[in-house]
Structures are given as C-alpha cells and as structure tokens.
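The values are calculated or read from the model by the stated rules, or taken from the named source; none is laboratory data. Computed from a prediction, not measured in an experiment: that's the story for all the values here. Every residue, glycine among them, receives a Cβ derived from its backbone with ideal geometry; neighbour counts consider all protein chains shown. Calculation scope for accessible area: heavy atoms of the full protein, side chains included, ligands and nucleic acids excluded. Shrake-Rupley method; radii C 1.70, N 1.55, O 1.52, S 1.80 Å.
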Amino acid sequence: MEPLLGPLASLVNPLSVSFPMWLACVAMKEIGLQAADLGVTWACRFLKELPSRTGQRVLYKNQLDHKDMMFLSINSVIEAVFSCHILKMMWTSPLVVRSWSSFTILTGPLALLLIVLLNDMLYAPAHRLLHHPSVYPYIHKHHHRSVYPTRGNIDARNEHPVEQLIAMALWMTAVHISAYTVGLHAAALGTHLALMTTGASLNHAGYDFEIRFLGVDWYSTGAHEMHHRRPDKNFGQFTMLWDKLMGTYIPYLHDEGAEPKKSEQEQKCD
Ligand SMILES: [Zn+2]
Ligand SMILES: [Zn+2]
C-alpha cells in the first residue's frame, strides 16, 4: 500500500510508512505500553499501598464502560502517533544530537530535568484551566470518574482525546524549548518518554512512591491521588513545584481525621 500523502498524513504518519506498517506501529506501541505497565505492577510488589487505600473504608471504583473503551482506543492511537514523532525526532531531527561524544551534562541530565520542569510548568495551569466549570464537564470530567485510581496506565489515559492532544502538544513544546536552549540528546528524549509512561502508570496504581533529594519532594504518587480526591489541588503531573507557586498545593492526607470532604461518587458508594 502506498504511503499516506499530504500534510495531514505527515501529522498522523510521521515515519511515512505503509498503512500495514503504521498499524503495526500502533500495535507495537500498545504492546510496549502494556509491558511497561506490567513492569510497574511487578515493581509495586515492593511498595506499600498508599495509606488511604488501607483499613475498613470502602473505596469507590468505577467500572469501565463503552465510553471508556472508546476513549482508551482513540488515545492509544494518539499515543502511537506521538511516539512515532518522538522516535523520528530522536533519529532525524537537527535539533537533537545523537553521538555519544555530544552527550554532556547540558544535553543529557539538564535537558531531561528541564523537559520535566517545563512540561509541568505548561501542564499544571492548562490542567487547572480544564477544571474551570465552563469547560470541565465537556473534557476533563471523564478522567475524574475514578477517585482512587488503581489500574495504572488504563486509569492514566482514560481521558477525553482532546485532553490527550493538549497534553501531547505541551510535552512537544517543552521538548523544543529544551532543545533550543540547553540542547537535547536523543538519550535524554528517550528517557523522558520512558519516565512519562512509567510515571503516568505509577500515578494511577495506588502505591506509595516518592523521589526526594536535596530536601525537595520532586515526585510522589500521593500528590496525584490527592488531586483525584481534591480536584482543586495538585494540578502538576509529576512535580508539585508549580502548584506551590500557584498556591494550589496540598500535601498527602491519609488519616480519617484529615480526610477531605468526600466526593459525590464516594458518597453514593457509602
Ligand atoms: Zn489522574
Ligand atoms: Zn484534574
């Protein structure tokens, strides 16, 4: 089959492969994602459940319906296309350096850190905007069906496709800013892709994991669980730095006395 042609084709088929190969790319991405999620599930055996998941409390867990399955399928394709753009950038973009001799503190670790920070700097206010009452019911409400997500990447990407596109566009913006400022090595870009995939699963698996150094809590799964329990707080995906600046940060609360007001979904379940 002839490769897809035209500007739209280059957007959805950045590697300019045949349609069967494009379908194979979508399938391979899905297999890779499920493998990564299995790895996260395996690693979670060494972690404790978040304290809010323990005890006698009944936790609301939504069942996946047809709308969930439709969004998950669409998002799987969007993710595959985006992954192909990242791979193409790693292999061919003049913005990305590839030789090991060009791997430096700037193009490697600093570029990676910059992408993480910039991505959340862009994502946190956009996420906050998606919670505005005028748009929330139409796009982001779907992701909040689960108050205590446990299904890893299924709960992570169970969101409206428009939200998925916004997140991918912001991610790509962060990647380009990093490439134009400190430079970018292909290894840093690939590492960020892996970190995003793993972190999104961890954020929705229900296990307690945090990365803390230099006295700063850089990442914790409890922070995103707090967002699902208190949707007006903790808008960042991975770091709460921008929430602290926006005044929307809330630390993890686990005991009943500190439990925030229950959501409608939980009340229905009681
Ligand atoms: Zn979430
Ligand atoms: Zn939200």
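Under unit Cβ charges (Lys, Arg +1; Asp, Glu -1), what dipole magnitude, rounded to 20 debye, does the chain have relative to its Cα centre? Present the calculation step by step, with values, prior to reporting the outcome.
On the way: 22 positive and 23 negative charges, 22 e Å.
Roughly 100 debye, rounded to the nearest 20.
Pop a pseudo-label 7 angstrom from the Cα along the beta-carbon direction at both residue 38 and residue 169 and give the gap in nm to one decimal.
Inter-label distance under the simple model: 3.6 nm.
For residue 211 paired with residue 23, estimate the spin-label separation in nm (one decimal), with each label point 7 Å from Cα along the Cα-to-Cβ line.
Computed distance between label sites residue 211 and residue 23 equals 3.8 nm.
Based on Cα positions only, what radius of gyration and what Dmax would you give for segment 63-184, in angstroms?
Using the Cα atoms of segment 63-184, the pair Rg, Dmax is 16.7, 51 Å.
For the chain, give the percent of accessible area contributed by carbon and sulfur heavy atoms, probe 1.4 Å, rounded to a whole number.
Numbers: 9600 of 13990 Å².
Percent of accessible area from carbon and sulfur atoms in the chain: 69.
On the Cα set of segment 25-113, report Rg and Dmax in Å, please.
19.2, 56
Under 10 Å, Cα contacts only: if you run a Gaussian network model on the chain, which one of 101, 18, 76 comes out with the highest mean-square fluctuation?
Among 101, 18, 76, the largest GNM mean-square fluctuation belongs to 101.
Taking N as the number of residues in segment 1-54, what value does Rg over Cα atoms divided by 2.2 N^0.38 Å take? Kindly include the intermediate steps, with their values, before the conclusion.
Values: Rg = 18.5 Å, N = 54, 2.2 N^0.38 = 10.0 Å.
Output field value: 1.85.
Can you compute the helix-only [θ] at 222 nm over the chain? Use -39500 (n - 2.57) per DSSP H run of at least 4 residues, normalise by all residues, nearest 500 deg cm²/dmol.
Details: 10 runs with 142 residues, N = 270.
Calculated mean residue ellipticity at 222 nm is -17000 deg cm²/dmol.
Can you list the DSSP H helices in the chain whose Cα atoms extend at least 18 Å along the helix axis and whose mean Kyte-Doolittle hydropathy is 0.0 or higher?
On the way: long enough: 19-43 (36 Å, 0.92); 66-92 (39 Å, 0.68); 111-130 (28 Å, 1.44); 161-181 (30 Å, 0.94); 186-203 (25 Å, 0.87).
In the chain, the long hydrophobic H runs are 19-43, 66-92, 111-130, 161-181, 186-203.
What accessible area per residue, rounded to a whole number of Å², is obtained for the chain using a probe radius of 1.4 Å? Don't skip to the answer; put the middle values down first.
On the way: 13990 Å² over 270 residues.
Counting only protein heavy atoms, the per-residue value for the chain is 52 Å².
Let me understand the chain better: what is its radius of gyration from the alpha carbons, and its Dmax, in angstrom?
Computed over the Cα atoms of the chain, radius of gyration and Dmax are 19.2, 63 Å.
Can you tell me how much longer the chain between residue 64 and residue 30 gets when fully stretched, taken as 0.36 nm per residue apart minus their C-alpha distance, in nm with one decimal? Write down the numbers at each step before the final one.
On the way: separation 34, 0.36 × 34 = 12.24 nm, distance 1.84 nm.
That pair, residue 64 and residue 30, stretches by 10.4 nm at full extension.
Spin-label point model (7 Å from Cα, Cβ direction): what's the residue 47 to residue 12 distance in nm?
Here the modelled spin labels are 3.5 nm apart.
Taking each pair of different alpha-carbon atoms in segment 100-257 once, compute 1/r for the pair, average those values, and report the inverse of that mean as the Kirkwood hydrodynamic radius in Å to one decimal. Walk me through the numbers on the way to the answer.
On the way: mean 1/r = 0.0616 Å⁻¹.
Value: 16.2 Å, from the Cα pair sum.
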